[in-house]
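*Asks:* Just dropping this structure here.
The values are calculated or read from the model by the stated rules, or taken from the named source; none is laboratory data. Everything numeric in this text was worked out from a predicted model, so none of it was measured. A quick note on method: Cβ atoms are made from the backbone with ideal geometry, for glycine too, and the neighbour counts reach across all protein chains shown.
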Amino acid sequence: MVRWPDQPVTVRVPATSANLGPGFDSLGLALSLHDTVQARVLASGLQVSVTGAGADDLERGEGHLVIRAMRAAFAVIGAQPPGIEICCGNDVPQGFGLGSSAAAIVSGVLAARALAGASGEAALPDDAVLQLASELEGHPDNIAACLLGGLTISWAAAAGVRAARLTPLAGLAPVLCVPAVPLSTHTARKALPAQVPHTDAAANSARAALLIAALTLQPDLLLAGTEDFLHQPYRAAAMPATAALIERLRTAGIAAVVSGAGPSVLALTVGGTVPGPAEVARIAAHTGPLWRVLPLGVDTDGAVLLSD
């Protein structure tokens, strides 16, 4: 039997960028932009408050994604609390390919596990959290990076979803370019063909392998390693401004890719080298529409249970 705590729990989760060019549905990078969820057990009812991104739009009832993830986790644990209150502080833009849904799911599952104490830990060890969160999200790339931090590779195995964490280059300096209008992941995925030519698949496989070397050992390979043949060319028509900015950045020698399903652009620069973040901002300022440029770091912690 679960003994519900009187005190709240607080979970901090990072934004993530999936794919990174050729690593379609497998590579993820955690970024130094965070959502925070505080959750507590109530005697009854449901209370949801949201500040920051999505404050004016998000569901406040059982349909809220954090609550849905908590309910799924409590179902695995085998006990639902009498009432729930969550307070969400959102800094991760929603609908821009930055892992906002993964952040909500991971924070909900981890908050539920923490509230359930020893029963939560027993029912949801870390590998089970990865599995459940990936099932709720539909794919594991953002989930793995959000949970583990750093650079992650995720894949499906006979025993379920697996993930490996790598330490990226210490000087890696990601720069996000976020447009004003979001794009749904569903819309972006609809643009993908059912089949691709074998030559494109082979080329993409080589680039994905090269990208791992570039992100961990040899940054001069970043431009070549981020070339994609599987998804970005097919999505370009759905996000022409994104495609235009990527082309201009790459022409300038900057390793730029669609962040996740878009429409944000992720530029991978390296501290102390040229071109750097300032050049990304300059090019974005001269490429319509208006872009919000966010120089960030790599989050190496992943999802963290904070002390209240």
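*Asks:* Of T167, T199, which residue is in contact (Cβ under 8 Å) with a residue 60 or more places away in the chain, more than 18 Å from E137 (Cβ to Cβ) and either surrounded by 12 or more Cβ atoms within 10 Å (Cβ to Cβ) or hydroxyl-bearing (S, T, Y) (or both)? Break it down stepwise before answering.
*Replies:* Values: T199 fails: in contact (Cβ under 8 Å) with a residue 60 or more places away in the chain.
It is T167.
*Asks:* Does G260 satisfy the condition of being at positive phi, in contact with a strand residue (DSSP E or B) (Cβ under 9 Å, 6 or more places away or on another chain) and either crowded, with 21+ Cβ neighbours inside 10 Å or free of Cβ contacts under 8 Å to residues at least 40 places away in the same chain (or both)?
*Replies:* When the stated conditions are applied, G260 passes them.
*Asks:* Name the one entry in R282, R292 that is touching a residue at least 40 places away in the same chain (Cβ under 8 Å) and surrounded by fewer than 24 Cβ atoms within 10 Å (Cβ to Cβ).
*Replies:* R292
*Asks:* Checking T251 against (1) buried (at least 17 other Cβ atoms within 10 Å of the Cβ); (2) free of Cβ contacts under 8 Å to residues at least 60 places away in the same chain; (3) β-branched (V, I, T), which test does it fail?
*Replies:* (1)
*Asks:* To continue, here is another question. Among the numbered criteria (1) of a type outside the set (G, A, S); (2) crowded, with 16+ Cβ neighbours inside 10 Å; (3) without any contact (Cβ under 8 Å) to a residue 60 or more places away in the chain; (4) under 30 Å from A53 (Cα atoms), which single criterion is violated by H186?
*Replies:* (2)
*Asks:* Is region 142-152 home to any residue that is more than 15 Å from the chain's Cα centre (by Cα) and at pLDDT 95 or above?
*Replies:* There is no residue in region 142-152 that is more than 15 Å from the chain's Cα centre (by Cα) and at pLDDT 95 or above.
*Asks:* Of the residues that sit in region 255-308 and are among the acidic types (D, E) and within 29 Å of L110 (Cβ to Cβ), which one is farthest from the chain's Cα centre (by Cα)?
*Replies:* D308
*Asks:* Do the conditions hold for T226, that is, is it hydroxyl-bearing (S, T, Y) and surrounded by 13 or more Cβ atoms within 10 Å (Cβ to Cβ)?
*Replies:* For T226, the condition - hydroxyl-bearing (S, T, Y) and surrounded by 13 or more Cβ atoms within 10 Å (Cβ to Cβ) - is met.
*Asks:* Follow-up question, since we're still on this one. Would a scan of region 68-90 turn up a residue that is at pLDDT 95 or above, among the β-branched types (V, I, T) and in a strand (DSSP E or B)?
*Replies:* Taking region 68-90 and keeping what is at pLDDT 95 or above, we get 68-90.
Going one step further and asking which of them are among the β-branched types (V, I, T), we end up with 76-77, 84, 86.
Subset that is in a strand (DSSP E or B): 84, 86.
Within region 68-90 (the criterion being at pLDDT 95 or above, among the β-branched types (V, I, T) and in a strand (DSSP E or B)), the answer is yes, since at least one residue qualifies.
*Asks:* Counting residues that are in the same structural domain as G52 (by TED's automatic domain parsing), which helices (runs of 4 or more DSSP H) fully inside region 97-213 reach at least 3? I'd like the intermediate steps shown before the answer.
*Replies:* On the way: elements: 100-115, 117-123, 126-137, 141-148, 185-190.
The helices (runs of 4 or more DSSP H) meeting that bar are 100-115, 117-123, 126-137, 141-148.
*Asks:* Taking the criterion of being outside any loop (DSSP other than H, G, I, E, B), acidic (D, E) and under 21 Å from the mean Cα position of the chain (by Cα), would at least one residue in region 23-33 satisfy it?
*Replies:* Yes, because at least one residue in region 23-33 is outside any loop (DSSP other than H, G, I, E, B), acidic (D, E) and under 21 Å from the mean Cα position of the chain (by Cα).
*Asks:* Let me ask another. Just to be sure before I move on: is I77 among the β-branched types (V, I, T), buried (at least 17 other Cβ atoms within 10 Å of the Cβ), more than 21 Å from the chain's Cα centre (by Cα) and assigned by TED's automatic domain parsing to the domain that holds P140 in the structure I sent?
*Replies:* The answer is yes for I77.
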